[in-house]
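Working notes, structure below.
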Amino acid sequence: MESVLGRYKNLIVLVCVLFAQVLGLAVQVKRTTDTESSRLIRIWAVDSVTPFEKVLNWMHNSSWNIWHNYFYLRGVRAENRGLKAEIERLRLEQIRLNEDAAQARRLQALFGFKEQFISQTKPAQVIGSSGSEQSRAIYIDKGESDGLKPDMAVITADGIVGKVLKVFHSTSQVLLIDDQSSGVGGILEKSRLQGIVRGTRSGEVVLEHIMSDNPVQPGEVVRTSGGDRIFPKGLPVGTVSQVGNGPDLFLTIRVRPAANLSKLEEVLVVTKLVEQEPTQLESGPVRAADILAQRLPSVPDKPPAADPSKLGAGEAAKPSAPAASKPAKPAGVSAPNTNAANPPKPDDKVPPKPQAQASPARAASPSSPGVGPTATAPSALKPATEKGPAPPPVKVVDPTPSTPKPKPAAPPANAPTPIQDGPQ
Amino acid sequence: MPITYTSGEQVEVYRFNWPITIGVPATALFLQAWLPRHLSFFAMLDLPLLVTIFFGISRRNPVSGLLTGSIIGVFQDALTSLPIGINGIAKTVVGYGASSLGVKLDVENAGARLLVTLVFCVAHKIVYFMVARGLVNLSMQWSWPHELWAAFINAIVGVFLFFALDRFKQRT
């Protein structure tokens, strides 16, 4: 027996070592969460490597800064002039974008949307990488002591970088978006098609799960969709560089990352996200009917207020233009219609409306045949949230039946168009 | 001083002092993590693998070689986002193979070193691929041109690295 052990000692040791590692791998693969037993060796490895990386990084940055900030200042004046011109151009663009943003906020408030804001970030320096083609990860010089936690988004000014994968005491491992195990919810900016941004083994970034019958052009910008609950919606991911047919009726869309993932120096870790409804600049609820009434060329005198209890269920289904001519009525559901046809000015305030009210409004659009001030409201005008059997048709009571019909509220070109139930 | 004899030829066995035994693999691991961030070309290199091969063929002791490969590989895995053990298993096999080959062959000249390193780099990739696909279920794709090119680059660098590390050898 001893001779056998002695003869095959090397082979036995090899088998034992391999078996131990296979066992360790099996335990790690089976485990869904990262626990201490496998973290220990990672902590040892990271703690032994990252201090040297930090020192070298500091030396590199110091020498680079000394050279660039004190010696190499050639062309700074010309660059300064160029930057000033750029600032002027960006100021003009900012004015336009502010208008768009204000309008978007109002619409979001109108539909009761919630949006995520990056409220706190932590700057960090990249100090190292995993050093492997199979694992595209970097190390940053901020860790648990700086408030970092796993699954925090890591971004740059250009676009997203990745997410925090493992957090150590003073360093963290960041999984880049071009790693084959990463996944980010992405949306194409123009076509609004949603997919998943993944990395490939060769380090490319692809957008998956876009059906091949959708038109996608190279050059289109990909942004985060917010569906992964890690990255806030709207951050730039990259630009479509190549589109081809892939397997299973899906397109193969290659994306050029917006951030230069191979030359990362400094990144921002999103440490706090706030989810809230967009706020409006001015306070005080204003009824949609009032807004519409202000826009009309002439509004007749307010008739005697009708008893709201006498109004039938179909009252809410009145078309928007007549509703606007009777401001005494309860706030109608025609506000979305109005806004859809005639976008409000930046200083307009529209109270948020439940989205369920949009359905009757759409059904009651003046473009619908047979729906007038005295028309019988069809049962389809019931709100979508209503349950139970449909009530019998109710005749809509017009509070001003004898009043001559005012002049048309809006020219046909401005007729309200049916709104959509959702944002898409 | 000759220790092992193979086919009548004398094959010398070397040893290394402790600072070199620990320092060289640690430096290789550090450089592997540090250099690719500045020069992406270095991601193709596998310095810990070259160190494993060097220690294996120099010591000519299979147990020592496989343990060296195992430890270096596990620490290399610890720096990645992948499960620990993939590189460990691959480098264990390479360390065992390199030291076993070193017992039988004299790999002191540049040509032999180039060939041996090339073969072990490909073998390392094959074992790594099998473990990653078979045990961990990673979605990896095999590309012969890429792997052969990477192995060739590693072999070229290995030849120079081995000659640089030769000065740390101590005859037993």
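Could you work out, residue by residue across B:43-52, how many beta carbons of other chains sit within 10 Å of that residue's beta carbon, and then give the average as an integer?
The shielding value for this peptide is 2.
Across peptide A:9-18, how many C-beta atoms of other chains are within 10 Å of each residue C-beta, on average?
Per-residue shielding by partner chains comes out at 6.
Give the span of the range A:126-200's Cα atoms along each principal axis, as three whole-Å numbers ordered largest to smallest.
43, 27, 19
Within 10 Å, Cβ to Cβ, of A:ILE196, how many net charges do the neighbouring residues add up to if Lys/Arg are +1 and Asp/Glu are -1?
Taking every Cβ under 10 Å from that of A:ILE196, the sum is -1.
Suppose R0 equals 51 Å; then what is the FRET efficiency for A:VAL55 and A:ASP213 from their Cβ-Cβ distance, rounded to the nearest 0.05? Please report the intermediate quantities before stating the final value.
On the way: r = 55 Å, r/R0 = 1.08.
Result of the calculation: an efficiency of 0.40.
Taking Cα pairs under 8 Å and at least six residues apart, what relative contact order does the range B:38-96 come out at, in percent?
36 percent
For a quick size check, give me the Cα extents of the range A:59-186 along its three principal axes, largest first, whole Å.
Taking the Cα atoms of the range A:59-186, the three principal extents are 50, 45, 29 Å.
Net charge within 14 Å of B:ARG171 by Cβ-Cβ distance, Lys/Arg positive one each and Asp/Glu negative one each, not counting B:ARG171 itself?
That sum, taken over residues with Cβ under 14 Å, equals +2.
More than 17 angstrom separation, counting every C-alpha pair in the range B:130-172; what % is that?
Result for the distance tail: 59 percent.
Pairwise over distinct Cα atoms, reciprocal of the mean inverse distance: report the Kirkwood radius of the range A:114-276 in Å, one decimal place.
Computed over Cα pairs of the range A:114-276, the Kirkwood hydrodynamic radius comes out at 15.8 Å.
Restrict the search to the range B:113-172; then list the chymotrypsin sites (Phe, Trp or Tyr not before Pro) that DSSP places in a loop and that have at most 16 other Cβ atoms within 10 Å of their Cβ.
Sites meeting the loop and neighbour criteria: B:TRP142.
What nm distance separates the two modelled labels at A:ALA85 and A:GLU265, each placed 7 Å from Cα along Cα→Cβ?
About 2.5 nm, to one decimal.
What is the Cα coordinate range of the range A:207-270 on the first, second and third principal axes, sorted by size from largest, in whole angstrom?
That gives 38, 26, 18 Å along the principal axes, largest extent first.
Express in whole angstrom the spacing between the alpha-carbon centres of the range A:147-164 and the range A:194-257.
About 19 Å separates the Cα centre of the range A:147-164 from the one of the range A:194-257.
Using only atoms on other chains, find how many Cβ atoms lie within 10 Å of each Cβ of peptide B:23-31 and report the average.
Details: counts 0, 0, 0, 4, 1, 1, 4, 8, 3.
The shielding value for this peptide is 2.
Taking the dipole about the Cα centre of the range A:114-276, with the C-beta of Lys and Arg at +1 and of Asp and Glu at -1, give me whichever of A:LEU207, A:PRO232, A:VAL164 is farthest to the positive side.
Positive-most Cα among the choices belongs to A:PRO232.
Roughly speaking, what % of Cα-Cα pairs in the range B:1-147 are separated by over 20 Å, rounded to a whole number?
Distances greater than 20 Å cover 49 percent of the Cα pairs.
Could you sort the peptides B:47-57, A:120-130, B:16-26 by per-residue average Cβ neighbour count (10 Å cutoff), highest mean leading? Provide the component values of the computation, followed by the final result.
Working: B:47-57: 28.1, A:120-130: 20.5, B:16-26: 14.7.
Those peptides, ordered most packed to least, come out B:47-57, A:120-130, B:16-26.
Which percent of the Cα-Cα distances in the range B:9-70 go past 15 Å?
54 percent
Can you give the net charge of the other residues whose Cβ lies under 11 Å from the Cβ of A:PRO218, counting K and R as +1 and D and E as -1?
Its environment carries a net charge of +1.
At a Förster distance of 35 Å, what's the computed FRET efficiency of B:PHE41 paired with B:TRP18, Cβ-Cβ distance as r, to 0.05?
Step by step, r from the Cβ atoms, then E = 0.60.
Compute the semi-axes of the equivalent ellipsoid of the range B:87-172, taking the square root of 5 times each eigenvalue of the Cα gyration tensor, and list them largest first in whole Å. Write down the numbers at each step before the final one.
On the way: eigenvalues 139, 47, 21 Å².
Semi-axes (√(5λ), whole Å): 26, 15, 10.
Restricting things to alpha carbons, find the Rg to Rh ratio for the range A:81-151 using the Kirkwood radius for Rh.
On the Cα set of the range A:81-151, Rg over Rh gives 1.18.
Values in this text are rule-based calculations from the coordinates and carry no lab data. Only a predicted model underlies this, so the values are computations on that prediction, with no experimental measurement involved. A quick note on method: Cβ atoms are made from the backbone with ideal geometry, for glycine too, and the neighbour counts reach across all protein chains shown.
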